[in-house]
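The values are calculated or read from the model by the stated rules, or taken from the named source; none is laboratory data. Nothing here was measured: the structure is a model prediction, and the numbers come from that model. Cβ placement follows ideal geometry from the backbone for every residue including glycine, while neighbour counts extend to all protein chains displayed.
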Amino acid sequence: MTKTFTLLLLFIGNIFLSFSKSGFQLIEINPANFDISTSRVNTENFRFGNKDYIVIQPKNNSAAYLSENGIDVQAYLGDGFYLTAMDAVDTKKKLQSVQLTKTGYISEESKLDETLHSISSFESVSILYASSVDANTLSELAQKTGISIIYNDIKNHHFSTYANASQLKQLTQYPFVYFVTKYYPKKNSLLYDGSIMLGVNQVQESQPYGFNLKGEGINVGIWDGGAVGEHIDLPQSRNYVIDKEYSNLIDMYHPTEVGGCLGGSGNIFPQIKGIAPRCNMFYWDFLNDIVQEIADGKSKYGIDISNHSYNFSSTNCFQSGLYIPEAADLDKLVYDNPTLLPVVAVGNTATSNCAVATDTFSSIDIGFQGCKNVLTIGWQFSNEKAVENSGRGPTQDGRIKPELVAKGFAVASLIPNSGYGTVYGSSYSAPQVSGLAALL
C-alpha cells in the first residue's frame, strides 16, 4: 500500500546577520555634554582603554550609514540599535555627525540573561563581545576575572566559560561585553518517541510519474552523537565518517537510525529504504564547533544539506526556541551561503515539560531549533495528526515553528550491525525532510 508523504509548510522566518539582543536597558547619553563641565558624561561605563563602545540607534537604520560616517559597527543588537566602537578622542565629533534617535550604553544588569540573575554556583555561559576586541584583551579579561576561556569563536565574536555570580558581574562591567547568556556544552540526541515513516515511492520510482529520484550525486551532512554503525544498507562507498570521537556501540545507534531514515539503501527490505537511497552522507559528531564544521563541509565536500537531530537543551516553556549565539552564527552562515539548508528536529518534550505551563505551546527546544534560516521539523502520526509531544511555537520572540512536519511514529529503521528496529521522534522526521531536499 502506498503511503502518502505529507509536509505542512508554515513559514520561514526573517534573516538576521548577527545575534539580536532584545529587551536591553539603554542608559542614554547626550553627545553635547562630553565637554560641558557641569554635566560631563561619565565615560567609565562605555570606555575601555582609548575606545568608546557606544550603542547607537540612527534615524537611518543602516550599518552602512554609520560606517560611511566613520563609525565602526561592532554588532547589530536588534530594533535598529548598533553596538559601535570609536576612538575616545573622536566620539563627540562622530556622534554629532550622524542623525540619531537614541545613543547610550547597555546597563550592566540587562547584559545578563535573566536565567543567570540568581545562580548559586558555577554556570556554563557564552560571552558576546565587540568584534574589534583582540585575543590579548580577552586573555587579560580572563586573568582579571579568574575565568578560563573554554572556546573562543573568533569569527563570530563570543567565547564560552564557566563563571559564578561574582565573575558574571565583573564580566558585565567590561564595556565591550554586550551580552552574557547560558552556554550548552552538551548536546542531546532527540530519542523520545519518534520515527520515520517512508512514503515517497511516487517520486523515488520511475512509475507512475516518471521521476525516478534517488538522490544520486547529492551530498548530505549529518551531525549527531557518535560514529555511524556498520550496516548493509549504509555502504562505505556512500557513507563517510569525517569526525567521530564516540565509537562505542551505544553511541552508534542514533546516527545509524538517522542515516537509515535519510539514505538507507533498502537492500534486504526495500520498504525500509531511506528517502534518498543513493545520496552520499558525511558524518560529524556534535562535540566541536558545528557551524565551522558545516562551513568546512560545504567547501571541502560540497555539502548543501545538513541534518541536526539533537538539541542543546530541552524546552523550559518560557524560553521556547531561545535565540542563542550559536543559532545566530548558523543563520549568518546560511545568509552568506544561500544554497545551504540546515534541517533541525524540533524536539519531543511538549507534553512532558509544558503541558501544565503552556498547554504544550511555546515548547520549541533550545539549540539550532531557534534559528531563522533553517527548517525546523515536527513529527506526526500516520493519520497526519501532530504527536502531542512534538515541540510547537511560538518561539520566545514570537515566531511560528515548526516550519514543516513529517510522519515520525513507530516505523522500522536501521540499527548497527545490519539490524533493524522501530524508532520514534522528531529525530527521524528531520532526516525524512533532509532526504526529500536531496531528491529535489
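Test Asn136 against the criterion of being of a type in the set (S, T, N, Q) and closer than 22 Å to Phe34 by Cβ, and give yes or no. Explain how you work it out, then say what you get.
Numbers: of a type in the set (S, T, N, Q): yes; closer than 22 Å to Phe34 by Cβ: no.
No; evaluated as a whole, the condition is false for this residue.
Given the criteria polar (S, T, N, Q), crowded, with 22+ Cβ neighbours inside 10 Å and more than 19 Å from Ile242 (Cβ to Cβ), does Asn307 qualify? Before the answer, list the steps.
Values: polar (S, T, N, Q): yes; crowded, with 22+ Cβ neighbours inside 10 Å: yes; more than 19 Å from Ile242 (Cβ to Cβ): no.
In short, no.
If I ask for residues that are without any contact (Cβ under 8 Å) to a residue 40 or more places away in the chain and over 21 Å from Tyr310 (Cβ atoms), which ones from the stretch 340-359 would you list?
Those that are without any contact (Cβ under 8 Å) to a residue 40 or more places away in the chain and over 21 Å from Tyr310 (Cβ atoms): Ala355, Val356, Asp359.
I'm trying to understand the selection: among the residues of the stretch 52-66, which are surrounded by 14 or more Cβ atoms within 10 Å (Cβ to Cβ) and assigned to a helix (DSSP H, G or I)?
Hits for the stretch 52-66 are Ala63, Tyr65, Leu66.
Does Gln236 count as outside any strand (DSSP E or B) and closer than 24 Å to Tyr151 by Cα? Spell out how you get there, then give the answer.
Working: outside any strand (DSSP E or B): yes; closer than 24 Å to Tyr151 by Cα: no.
When the stated conditions are applied, Gln236 does not pass them.
As an exercise: evaluate Leu95 against (1) in contact with a helix residue (DSSP H, G or I) (Cβ under 6 Å, 6 or more places away or on another chain); (2) aliphatic (A, V, I, L, M); (3) more than 23 Å from His158 (Cα to Cα); (4) at pLDDT below 90 and give the number of the one condition it does not meet.
Of everything listed in (1) in contact with a helix residue (DSSP H, G or I) (Cβ under 6 Å, 6 or more places away or on another chain); (2) aliphatic (A, V, I, L, M); (3) more than 23 Å from His158 (Cα to Cα); (4) at pLDDT below 90, Leu95 misses just condition (4).
Before we move on, is Lys3 surrounded by 13 or more Cβ atoms within 10 Å (Cβ to Cβ) and modelled with pLDDT under 90? Quick ask: steps written out before the conclusion?
Working: surrounded by 13 or more Cβ atoms within 10 Å (Cβ to Cβ): yes; modelled with pLDDT under 90: yes.
Criteria met by Lys3.
Output the number of the condition that Met281 fails; it satisfies all remaining conditions of (1) at pLDDT below 95; (2) touching a Gly at 6+ places or on another chain (Cβ under 6 Å).
(1)
Which numbered condition in (1) buried (at least 24 other Cβ atoms within 10 Å of the Cβ); (2) out of contact with any strand residue (DSSP E or B) (no Cβ under 8 Å at 6 or more places or on another chain); (3) more than 21 Å from Ser320 (Cβ to Cβ) is the only one that Pro416 fails?
(1)
Find the helices (runs of 4 or more DSSP H) located wholly in the stretch 67-182 whose residues include 2 or more that are without any contact (Cβ under 8 Å) to a residue 12 or more places away in the chain and surrounded by fewer than 14 Cβ atoms within 10 Å (Cβ to Cβ), and list them. Quick ask: steps written out before the conclusion?
On the way: elements: 91-96, 135-145, 165-172.
Once the helices (runs of 4 or more DSSP H) in the stretch 67-182 are filtered for at least 2 residues that are without any contact (Cβ under 8 Å) to a residue 12 or more places away in the chain and surrounded by fewer than 14 Cβ atoms within 10 Å (Cβ to Cβ), what remains is 135-145.
Output yes when any residue across the stretch 186-201 is in contact with a strand residue (DSSP E or B) (Cβ under 9 Å, 6 or more places away or on another chain) and modelled with pLDDT of 95 or more, and no when none is.
Among the residues of the stretch 186-201, not one is in contact with a strand residue (DSSP E or B) (Cβ under 9 Å, 6 or more places away or on another chain) and modelled with pLDDT of 95 or more, which makes the answer no.
Have a look at Gly391, Gly378, Gly347 and point out the one that is at positive phi and assigned by TED's automatic domain parsing to the domain that holds Ser306. Break it down stepwise before answering.
Numbers: Gly391 fails: at positive phi; Gly378 fails: at positive phi.
Answer to the check: Gly347.
Provide a single number: the residues in the stretch 253-297 that are basic (Lys, Arg) and closer than 29 Å to Tyr151 by Cβ. Quick ask: steps written out before the conclusion?
Step one: filter the stretch 253-297 for residues basic (Lys, Arg), giving 273, 278.
Add one more test, that the residue is closer than 29 Å to Tyr151 by Cβ, and what stays is none.
The qualifying residues number 0.
Under the condition of being buried (at least 22 other Cβ atoms within 10 Å of the Cβ) and among the acidic types (Asp, Glu), which residue from the stretch 320-338 is nearest to Cys371 (Cα to Cα)?
Filtering first and then ranking leaves Asp331.
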